[in-house]
Structures are given as C-alpha cells and as structure tokens.
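First the structure, in the form of structure tokens, and then the observations on it.
The values are calculated or read from the model by the stated rules, or taken from the named source; none is laboratory data. Just so we're clear, the structure is a prediction, and the values are computed from it rather than from any experiment. No Cβ is skipped: glycine too gets one built from the backbone with ideal geometry, and neighbour counts run over all protein chains shown.
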Amino acid sequence: MNWIVTEVDGKIASIATDYRHFAKIAADIDTLSPEDVDEVRTLKISTEELLEMGKTLKWEDLRLFGSAFQIKVWETLFKMPRKLLSYTEFAALAENPAGVRAVAHAVALNPVAYVIPCHLVVPKESLDKVRQIRETAEKTLFKGSDLYLLDTIDVGEYAYGPDIKRELIKLQLA
C-alpha cells in the first residue's frame, strides 16, 4: 500500500492513502500570507517507510492545520502511550473527560495517519472485549499473543476502513 505524505516547508502536514487532506491544506495555506509558506510537496511512501517514519518523527516535525482544540487532541494522541484506549479513556487523557464526543470528532479529523495514532482509540465495548479475550487467552497455551486482534472485534470507525485500522493496530502493537 502507498501512503501520500504532504509536506509544508519540509514539515509533515498530512499522511493519507489518498489526496483527501490536500485540498484542505491548500485552503488553509491560502489564508496565510505568501511569506509564510515556501514549499508544498507530496510524495508517496510504502507502509514500511511509514512505520520507520513513525519511529523517528517528533512533534516539531509536523505542521498541522486545525483549530487549537484539534491540535491539542492530536498532540495528546501523538504523545500518548502506544496502547489501545477507549474514547472515554482518551478524552480523560486529553483533559476533557466530559467532552468525549468532541474529542472523538477531533480524533476522527486527524490528518496524519499512523504517526498520530488515532487508530489506537477504539470503542469502549471493543476494549472491554479485548480485555476479556486477553484474560481468557492468558489461561491458554497462546498466552494472549495477537488473539485480541480477532476480526470479530469492532475496532470502530476509521477514515481508511476497519481493515486498515486493524492492520495498523497490529503493526504498532507488535
């Protein structure tokens, strides 16, 4: 699979499987003065390159366009521990426990796939099922390895579909 990376002045503004974020970034750039942006470019990378990028990028390597609230949510996602969290748990981590829906909406608008790991936020019911499967698996020969990623678990909505979300979860938590 190829991923489209959009960079603004050498900083990553989006990563997606298509150009869906490019028009929004162009519109956001259009509101800036010409002196504020020197270069916009896109490139295609493989999933392997995306995984490597995810290991080395720092928050400062990103140039995100969104509201202050969205950017705060995305930064919390970027800096969170690499584990599955429910939307409720993540809203608390983002210091907005009463705003689960608003936080979930900002999570859904994340423009930087994988690097900002919105795929690690799943519905509470799914996380409960994962925990139950893990507990059961610990009592078996398998000791829980990968059993929590069974295709029967609803991992929730994802811009690129549940199969890609499930695969990114596997890759990130392997």
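Worth a mention:
- Looking only at segment 73-86, and only at residues there that are free of Cβ contacts under 8 Å to residues at least 40 places away in the same chain and in contact with a helix residue (DSSP H, G or I) (Cβ under 8 Å, 6 or more places away or on another chain), the one that is surrounded by the most Cβ atoms within 10 Å (Cβ to Cβ): VAL73
- All told, GLY66 meets the bar of being touching a helix residue (DSSP H, G or I) at 6+ places or on another chain (Cβ under 8 Å) and in a loop (DSSP other than H, G, I, E, B).
- Some residue of segment 133-150 being at pLDDT below 75, assigned to a helix (DSSP H, G or I) and touching a Lys or Arg at 6+ places or on another chain (Cβ under 6 Å): yes
- If you filter segment 97-132 down to residues that are assigned to a loop (DSSP other than H, G, I, E, B), in contact (Cβ under 8 Å) with a residue 12 or more places away in the chain and not β-branched (Val, Ile, Thr), you find that the one that is farthest from PHE22 (Cα to Cα) is PRO123.
- Hey, LYS58 without any contact (Cβ under 8 Å) to a residue 24 or more places away in the chain and within 14 Å of the chain's Cα centre (by Cα) or not: no
- Cβ-Cβ under 7 Å pairs, at least 6 apart or on other chains, segment 3-14 side of a type in the set (Gly, Ala, Ser), far side assigned to a strand (DSSP E or B): ALA13/THR6; ALA13/GLU7; SER14/THR6; SER14/VAL112
- Per-region count, segment 47-69, residues within 14 Å of SER14 (Cα to Cα) and either β-branched (Val, Ile, Thr) or crowded, with 16+ Cβ neighbours inside 10 Å (or both): 9
- Within segment 69-94, the set of residues being part of a helix (DSSP H, G or I), hydrophobic (A, V, I, L, M, F, W, C) and within 14 Å of the chain's Cα centre (by Cα) comprises ILE71, VAL73, TRP74, LEU77, PHE78, PHE90.
- Segment 1-24, residues that are loosely packed, with under 14 Cβ neighbours inside 10 Å, assigned to a strand (DSSP E or B) and out of contact with any Asp or Glu (no Cβ under 7 Å at 6 or more places or on another chain): ASN2
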